[in-house]
Amino acid sequence: MPLKIIPPLRRLPHTIGSAAFLAFLLGANAGAQADLTDPPLANTIAESTLSGSYLAAQIASKDNDDATAVAFYERAVTLDPENTDLKHALFLALASNGRIADAVEIGRKLPQRGASGSVIRLVLAVDALRQNSWTKTIELMKEPTGGGDLDRIIQEILMAWAVFGSGAADKALEDVRAIGGPDWVQVIGNYHAGLIAAASGKDAEAEKLLTAATENEVAAAVLSESYLRALEALIRTQSRLGKTDAARETLERGKRLLPSHPPFLTLAAKLEEGKPLAPLVASAQQGGAELFYNVGSAISRQGGAPFAQNYLQLAEYLDPGSDVIAFGLAGVFEKQKNPERANGYYEHIKSQSPYWRTAQLEYALNLNDLKHVDEAKKILRSLVEEEPEDLIAQMTLGGVLSQHEEYEEAARVYDAAVEHLGEPEANDWKLYYRRGIAYERLKQWANAEPNFKRALELSPDQPDVLNYLGYSWIDMGIHLDEGMEMIRKAVKLKPRSGFIVDSLGWAHYRLGDYEDAVRELERAVDLMPQDPVVNDHLGDAYWKVGRRLEATFQWNHALAFEPEQEEEAKIREKLEKGLIDKGPATANNGQ
């Protein structure tokens, strides 16, 4: 039952083309000079006319800018208060934006017919569940939706939680256990039946149900977050049954899937204390919130962030203090390129939460994207200071520093990370690779090269490392055969990488194989048409094979894409004087 439904607006003209419609909005006297991209003009049009407000709202909605969509739909409804379609559009925008209580006020007055009626009833049922109106929740949900398995499982499990809330826990458990369907439906059904049993004090039955929910590891790929939650619920149940060894075994299963999952780290510490752990879900509202979190997180993983957002907003309405839901909402806003909204949810996560450090890392990265670089670095440095052995925090800080070409500090951060690393594992190749880049940029090749080699020892088939080391060797005229072999291997492993194909072309160029260089560099430009370095390289190769007009074109093309200042000066010199022939690379003492 996705909430993002933009209904047709009957009272607007719909037979004219978009250009004519824009002209209609602007008015006959606006003329060709009018520019809709100008904010004052666009806002004036949108606020002064029904059609302008509606169009602005639809554009904002398609851009996933729900707050702006709400504002323009509210304006449109003010201009045409009897328009049911407008009210329905406003209802959807409010729900998507997390203003569920406001959506409910409008939804109560809207007709509940067809697919849109199912959405309205769902939101009203969520509000009823929040208000402990168990009978009303069931009445709103019991009407068939006509949808598929997803609609059905939401309907049946939400009603079961309402039955649980009314005090009929056995009936609720029976209803959920009766749910049939494909494997993923069975996983969710067993999970929620286990949650109901645990919340009812039936831990022995809860253990059986939660064990069944976590037996199907294939479902973990589709329901990753829900699967991890089910493992967490099982660990808690086993601890209450006094089965500490079984709880530790379940925890190890989870850590094998995701070693750094914050709740697992917290549960490990709590198990050591030897105290029974509270149920994951304790109320009907939390049960309903868990259901919408399960659905929203699964949809988000499949790429449906706008739809996931809607379900997660319903989850937050039912359990507004949940850090898990706040983390999930932040994630869907990040996927929709809205770091400011994401950070609003990361701010809700308290320092005692298992998710706090991860949230702070994401918060800092979003600040960096928003150009608040100093604030981002301050947060990351603080996190590293607090836990010097946190490799993820060190890698994140090093990455931000490197992005802003602060390689000296980045190298120091990576050095400290290596000191705290202990015995490196295969996945630690990234740390050595990044440290190698920092030292290479500092022109300290004696420090850089061992890091690239160590990265390849840990993980021999990393195309980016093979490319970087092979390219560097050839560019310096050393280890030419081995460097070329590395780059060719990198291209085979990552054939669609413009950077790596460019390296292969440039390696041919440095070795004097200019026709081969042209072939590969043309392919690199096809893959990365707006990269100044690749275009510059192709210009050099064209010059070498006598295609000088095309070389000049490529160099001008490179300038248009704003190369670094040093490279820009070199390109301008080539445009003025041509390419000075330095000959191919030859092996030196490093061979």
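What follows is calculated from the coordinates using simple rules that are stated; it is not laboratory data. Remember, predicted model here, so these are calculated numbers, not experimental data. Neighbour counts run over all protein chains shown; Cβ positions are idealised from the backbone, glycine included.
The table that follows gives values for the structure above.
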| item | result |
| --- | --- |
| Contact order normalised by residue count of segment 216-302, Cα under 8 Å, 6+ apart, percent | 37 percent |
| Dipole moment magnitude, nearest 20 debye, segment 421-567 about Cα centre, only Lys, Arg, Asp, Glu C-beta charged | 120 debye |
| Charged-residue dipole, Cβ positions (Lys, Arg, Asp, Glu), the chain about Cα centre, Debye nearest 20 | 1540 debye |
| Net lengthening on full extension, residue 131/residue 427 (0.36 nm per residue, minus Cα-Cα) | 101.7 nm |
| Listed residues 538, 431, 330: farthest to the positive end of the dipole of the chain (Cβ charges) | 330 |
| Neighbour-count ranking [beta-carbon atoms within 10 angstrom, fewest first] of 396, 244 | 244, 396 |
| Cβ-defined net charge surrounding residue 229, 11 Å radius [Lys, Arg +1; Asp, Glu -1] | -2 |
| Average Cα contact separation per residue, the chain, under 8 Å, 6 or more apart, as relative contact order % | 6 percent |
| Formal net charge of residues neighbouring residue 159 (Cβ-Cβ distance under 14 Å; K, R +1; D, E -1) | 0 |
| Projected-area average for the chain over all orientations - Cα convex hull basis, square nanometres | 33.0 nm² |
| Distance between segment 77-125 and segment 345-363 - C-alpha centres, whole angstrom | 33 Å |
| Where Rh is the Kirkwood radius over Cα pairs, Rg/Rh for segment 235-355 | 1.01 |
| By average C-beta atoms within 10 angstrom, highest first, the peptides 400-408, 440-448 | 400-408, 440-448 |
| Within segment 498-591: Cβ-based charge dipole about Cα centre, in debye rounded to nearest 20 (Lys, Arg +1; Asp, Glu -1) | 340 debye |
| Dipole of the chain, positive direction: furthest Cα of 529, 218, 557, with charges on the beta-carbon | 218 |
| Likely footprinting exposure, 119, 104, fewest C-beta neighbours within 10 Å first | 104, 119 |
| Dipole of the chain, positive end: most advanced residue of 185, 495, 462 [Cβ charges, Cα centre] | 185 |
| Likely footprinting exposure, 159, 395, fewest C-beta neighbours within 10 Å first | 395, 159 |
| Relative contact order of segment 129-248, defined on C-alpha pairs under 8 angstrom at six or more residues apart (%) | 17 percent |
| Local net charge near residue 170, Cβ-Cβ under 13 Å (Lys/Arg +1, Asp/Glu -1) | 0 |
